[in-house]
Each structure stands twice: as C-alpha cells, then as structure tokens.
Amino acid sequence: MNAIQPILIAEDDDVDIMSIKRAFQQLGVLNELIITGNGEEIFNYLDNPNSQLPCTIILDINMPKMNGHECLKKLTQNFKYKHIPVFILSSSSEKNDVDRSFQRGIAGYILKEVEFDQFMNSIKILTPYWVLQTL
C-alpha cells in the first residue's frame, strides 16, 4: 500500500470534479484522489478491505442516493471512520446546511466558488491535510 493516504471525494458534478482535480494538480498535491458520485459509493470504497483509508474526505451536500448529510451522519457513527477529517464542499450557503454539518463534526465548510482563482484560495486553506510536492 502507498504510504501517502488518498483523499476521498464525493461529488456528482463533472465540472466540479474537473475543477477539484485541476486545483489539486496546481497545488502539487501528491495524494491520490478517489472520486465517488455519492455517499453510497464512499462506503463501497471505505468498506472494501483492499482500500486504503483516506487522510481526508470531501463531501458535496446535494448528491443522489445518499447525500452529504446522510453520509456524514453515517461516517460519524462508525468508530472506524469518525477520526477522518471531513470537509463539506458545497454551493449551499444556507445556514441550516452549515449548522447541520458542524453539528455532525465536520472539520470545515467550503463554498464552491464560481471563479477558479477563488476556488483555489478556498482549497489552499486545507493544505495541512494532505501531502504537497516540495519544490
């Protein structure tokens, strides 16, 4: 297994996935990005004995099958996964979504920015959670 833990991402929008991958590449993130389309796929990955536990999980809120809130609830109820830092990356700035997420113990809530430079600045805040290339 790789000594560098992967980053597990649940996002169902292809444009957002491209932005995330581009941002991580530009930041020089060495961690493998595991992209899933919903909360159910997160648990398919996590429950696979051949999968490496991620260093961080990034969740969108609005996803099919199992949304971010449902996934977060299930993550925090499982002793095996509740120590993994979880960040919400969402276009929702509704107080209810933010409050619910923090009540469930997220490490941070990041709004999806329309402008890529603003998005990069938001992602840069999280750099202590993964491995960056040294230049």
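All of the numbers you see were taken from the coordinates with simple rules; none came from a lab. In this text, all values refer to a predicted model and were calculated from it rather than measured experimentally. Here Cβ is always computed from backbone atoms with ideal geometry, including for glycine, and neighbour counts include all displayed protein chains.
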### Query
Put a dot 7 Å past each Cα toward the Cβ at Leu27 and Gln118; how far apart are the dots in nm?
1.8
### Query
Magnitude of the Cβ-charge dipole of region 7-127, K/R +1 and D/E -1, about the Cα centre, nearest 20 debye?
520
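Is region 1-54 best put as rounded, prolate or oblate by its Cα gyration tensor, with a ≥ b ≥ c the root eigenvalues, rounded for a/c under 1.5, and otherwise prolate when a/b is larger than b/c, oblate when not? Walk me through the numbers before you get to the answer.
Values: a/c = 3.92, a/b = 1.18, b/c = 3.32.
It is oblate, given that a/c is not under 1.5 and a/b is not larger than b/c.
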### Label-point separation, Asn78 to Ser91 (7 Å along Cα→Cβ), nm
2.8
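Which helices, taking whole DSSP H runs in the chain, have alpha carbons extending 15 angstrom or more along the helix axis plus mean Kyte-Doolittle at least -1.0?
Working: long enough: 14-27 (20 Å, 0.02).
Span-like helices in the chain: 14-27.
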### Summary
For the chain, the charge dipole (Cβ of Lys, Arg +1; Cβ of Asp, Glu -1; about the Cα centre) points to a positive end, and the Cα of Ser92, Leu8, Pro54 closest to that extreme belongs to Pro54
### Task
Find me the longest stretch of the chain that has none of the exposed trypsin sites (Lys or Arg not before Pro), where exposed means in a DSSP loop (not H, G, I, E or B) with at most 15 other Cβ atoms within 10 Å.
1-64
### Task
List every residue whose amide H lies under 5 Å from the amide H of Thr56, counting only residues 5 or more places away in sequence or on a different chain, with H placed 1.01 Å from N in the peptide plane.
Leu8
### Query
Using the 10 angstrom Cβ neighbour count as an exposure proxy, how do Leu111, Leu72 rank, fewest first?
Leu111, Leu72
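Count the lysine pairs in region 7-127 whose Cα atoms lie under 17 Å apart, taking only pairs 8 or more positions apart in sequence or on different chains. Kindly include the intermediate steps, with their values, before the conclusion.
On the way: Lys21/Lys112; Lys21/Lys124; Lys65/Lys73; Lys65/Lys74; Lys73/Lys82; Lys74/Lys82; Lys95/Lys112; Lys112/Lys124.
Close lysine pairs under the 17 Å cut-off: 8.
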#### Entry: Alpha carbon Rg of region 7-127, scaled by the compact-globule rule 2.2 N^0.38 Å
0.98
